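*Asks:* I have a structure here, written as structure tokens, and I will follow up with some questions on it.
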Amino acid sequence: MSENANVQKIVPFEGSKLSKKEQIATMFDDIAYRYDFLNHFMSLGIDIIWRKKALRYLKAIQPKLMLDVATGTGDFAIMAEKHLHPEKIVGIDISEGMLAHGREKIDKLGLSDKITLQSGDSETISFPDQTFDAITVAFGVRNFEHLEKGLSEMYRVLKPGGRLVILEFSNPTVFPIKQLYNSYFRYITPLIGKWIAKSQAAYSYLPESVKAFPQGEAMRTILTNTRFQAVTCKTLTFGICSIYCATR
């Protein structure tokens with residue numbers, strides 16, 4: 001069985017009759033109100049540094065129109081607006097709960113004319129071919145029900161010469177980081193999720209989805225097979241996170 005097939009079988013709610021996509025939407029609806037806090041809390045704020053590093057890959061092309069896939073509460077889109085100053089950013093997500101919180105943040109920041117968040121599925125992106133100068137995905141691709149289909153859709157709506165930047169968790173391989181990371185993810189993360197977000201299932205799903213997701217060279221091969229070019233992978237913080245960059 002391929003790594004991609006494995007990740008498709010990892011779902012938040014074992015035994016549920018809902019599809020992975022439906023389970024993901026339900027899971028994020030449930031934890032939306034604490035999602036931002038938990039992200040920063042559990043990563044000790046390092047996720048903010050990771051996001052900034054990922055956005056540097058887009059500075060050279062100065063994108064005017066950007067798409068943020070699996071935008072959640074819009075954190076990455078807001079940061080992109082601050083650092084890259086595009087004319088417009090569209091964020092899409094399947095969780096209405098997350099989008100609602102994101103819209104509130106964007107309104108408070110006075111960025112509603114710059115950032116639009118809307119319901120959208122990575123596998124059926126509702127924009128014409130070759131629409132966007134750049135596409136970003138932060139900690140979202142491992143939740144795709146069909147990875148290649150989502151990547152193909154992003155390729156389709158990206159302009160020739162446009163750039164895709166994916167930020168995603170990965171599994172460190174260096175001792176003792178690997179052992180500490182695995183213990184933290186397996187035992188501590190679900191407890192924090194249960195305590196703060198009232199959802200142990202969501203934060204038990206997280207380490208399992210990361211473990212099953214294709215990483216490094218495997219992910220580069222998938223991107224190349226989806227017709228992306230100049231595909232690179234940069235690992236961060238002892239391999240806990242990876243940045244994948246690719247061009248159409």
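The values are calculated or read from the model by the stated rules, or taken from the named source; none is laboratory data. Everything numeric here is computed off the predicted structure, so don't read it as measured data. Here the Cβ is made from the backbone with ideal geometry for all residues, glycine too, and neighbour counts use every protein chain on show. Quick note on the areas: whole protein, heavy atoms, side chains included, nothing else; ligands and nucleic acids left out. Shrake-Rupley method; radii C 1.70, N 1.55, O 1.52, S 1.80 Å.
*Asks:* Please report the carbon-and-sulfur percent of the accessible area for the chain; probe 1.4 Å, protein heavy atoms only, DNA, RNA and ligands left out. Before the final figure, lay out each step's value.
*Replies:* Values: 6340 of 11470 Å².
Exposed carbon and sulfur together represent 55 percent of the surface.
*Asks:* I've got another one for you. With every protein chain present, what is the per residue accessible area of the chain (1.4 Å probe, Å²)? Mind showing how you got there, number by number?
*Replies:* Numbers: 11470 Å² over 248 residues.
Per-residue value: 46 Å².
*Asks:* Where the only charges are on Cβ atoms (+1 Lys, Arg; -1 Asp, Glu), what is the dipole of region 27-145 about its Cα centre, to the nearest 20 debye? Write out the running numbers ahead of the final one.
*Replies:* Working: 14 positive and 18 negative charges, 149 e Å.
Around 720 debye, computed over region 27-145.
*Asks:* Moving to a separate point now. Counting other Cβ atoms within 10 Å of each Cβ, which trypsin sites (Lys or Arg not before Pro) in region 203-243 have at most 16 and sit in a DSSP loop?
*Replies:* On the way: sites: Lys211, Arg220, Arg227, Lys234; in loops: Arg227.
Those satisfying the criteria are Arg227.
*Asks:* Let me ask something else. Check cross-link reach from Lys82 to the lysines: straight Cα distance under 19 Å, and skip same-chain residues fewer than eight apart.
*Replies:* Lys52, Lys53, Lys59, Lys64, Lys105, Lys108, Lys114
*Asks:* About the Cα centre, and with charges only on the beta carbon of Lys, Arg (+1) and Asp, Glu (-1), how big is the dipole of region 148-248? Nearest 20 debye, please. The partial results should precede the final answer.
*Replies:* On the way: 13 positive and 5 negative charges, 40 e Å.
The dipole of region 148-248 has a size of about 200 debye.
*Asks:* Moving on. Helix-derived [θ] at 222 nm for the chain: sum -39500 (n - 2.57) over DSSP H runs of at least 4, divide by residue count, nearest 500? Mind showing how you got there, number by number?
*Replies:* Values: 11 runs with 109 residues, N = 248.
Helix-only estimate at 222 nm: -13000 deg cm²/dmol.
*Asks:* Positive end of the charge dipole of the chain (Lys, Arg +1 and Asp, Glu -1 on Cβ, about the Cα centre): tell me which of Ile222, Phe37, Gln179 has its Cα farthest that way.
*Replies:* The residue sitting farthest along the positive end of the dipole is Gln179.
*Asks:* Evaluate the charge dipole of the chain about its Cα centre and quote only its size in Debye, nearest 20, assuming +1 on the Cβ of each Lys and Arg and -1 on the Cβ of each Asp and Glu.
*Replies:* Numbers: 31 positive and 26 negative charges, 144 e Å.
Using only the charged Cβ atoms, the result is roughly 700 debye.
*Asks:* Express in % the proportion of alpha carbon pairs of region 73-159 at distances exceeding 21 Å.
*Replies:* Details: 1054 of 3741 pairs.
That tail contains 28 percent of the Cα-Cα pairs.
*Asks:* Let a ≥ b ≥ c be the square roots of the eigenvalues of the Cα gyration tensor of region 64-223; is it rounded (a/c under 1.5), or, if not, prolate (a/b larger than b/c) or oblate?
*Replies:* Values: a/c = 2.01, a/b = 1.36, b/c = 1.47.
Oblate, since a/c reaches 1.5 and b/c is not below a/b.
*Asks:* Taking every alpha carbon pair in region 1-142, what does the distance histogram look like in 5 angstrom bins from 0, in percent?
*Replies:* 2, 9, 18, 21, 21, 16, 8, 4, 1, 0
*Asks:* Report the residue, chosen from Phe169, Phe132, Phe37, that carries the largest GNM mean-square fluctuation when the chain is represented by alpha-carbon nodes joined by springs under 10 Å.
*Replies:* Comparing Phe169, Phe132, Phe37 in the GNM, the peak value goes to Phe37.
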